[in-house]
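Data first, discussion second: the structure below is written as structure tokens.
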Amino acid sequence: MLTTALLTASDLPGQFVDAGTPGGVGDSTITGCPTLSSDPTGATATASVALSDATGSGLSVTEVLMQFPAASATQAMASFAALSTTCPTYVANLPGISVTFTSAPLAIPSLGDASTATRMTGPVPGGTIYEDVVAIRHENTMVFIIETGLATDTDLTTAAAQAALARVAARW
């Protein structure tokens, strides 16, 4: 069961709390980036969790696990590996504001059978929204980590990705 492999607040550094169960990795508020606007096709099971920083920093970490047949897992990985090339800019229609994001590769350690990371940045009144998206393939399971906030925290993104992979690898 995928839910038993999801991150918990205690897996992350700092003070995080469970913020609920989001949908998949796709976000229907996004236009101009098919990779991000819908879930990869072919998943046979999906589970997710959202964790928020309890200190009020605005940081959040979302994890989405998806199991696929082998060919579909490889295809999903390839789509996310090309993210900064296929979606150099896109628009997210957030509550009350449309934000144009730009994407660029993000350097993190290699994880699982294959991994990739992309940082998205979008200007908002009073600052910038950062969103780090990590995709990891472990056998036929895809692990997606999305760290969002008004500041960058590559260490948190990396720690979340490593912890998520460890939980998945312990089960499959």
Please verify whether region 48-56 includes one or more residues that are part of a loop (DSSP other than H, G, I, E, B) and closer than 19 Å to Ala164 by Cβ. no
What number of residues within region 103-135 are touching a strand residue (DSSP E or B) at 6+ places or on another chain (Cβ under 9 Å), assigned to a loop (DSSP other than H, G, I, E, B), over 12 Å from Ala161 (Cβ atoms) and among the small types (Gly, Ala, Ser)? 1
Total residues in region 1-37, condition at pLDDT 90 or above, surrounded by 14 or more Cβ atoms within 10 Å (Cβ to Cβ) and part of a loop (DSSP other than H, G, I, E, B): 5
Which one is farthest from Leu156 (Cα to Cα), of the residues in region 62-102 that are free of Cβ contacts under 8 Å to residues at least 24 places away in the same chain and in contact with a strand residue (DSSP E or B) (Cβ under 8 Å, 6 or more places away or on another chain)? Ser98
Quick one: Leu106 ticks every box in (1) modelled with pLDDT under 95; (2) within 30 Å of Trp172 (Cβ to Cβ) except a single one, so which number is it? (1)
Going through Thr152, Thr157, Thr148 one at a time, which residue ends up being within 20 Å of Ala50 (Cα to Cα), assigned to a loop (DSSP other than H, G, I, E, B) and hydroxyl-bearing (Ser, Thr, Tyr)? Thr152
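The values are calculated or read from the model by the stated rules, or taken from the named source; none is laboratory data. None of the values given here were measured: they were computed from a predicted structure. Ideal geometry is used to build each Cβ from the backbone, glycine not excepted, and the neighbour counts take in all protein chains shown.
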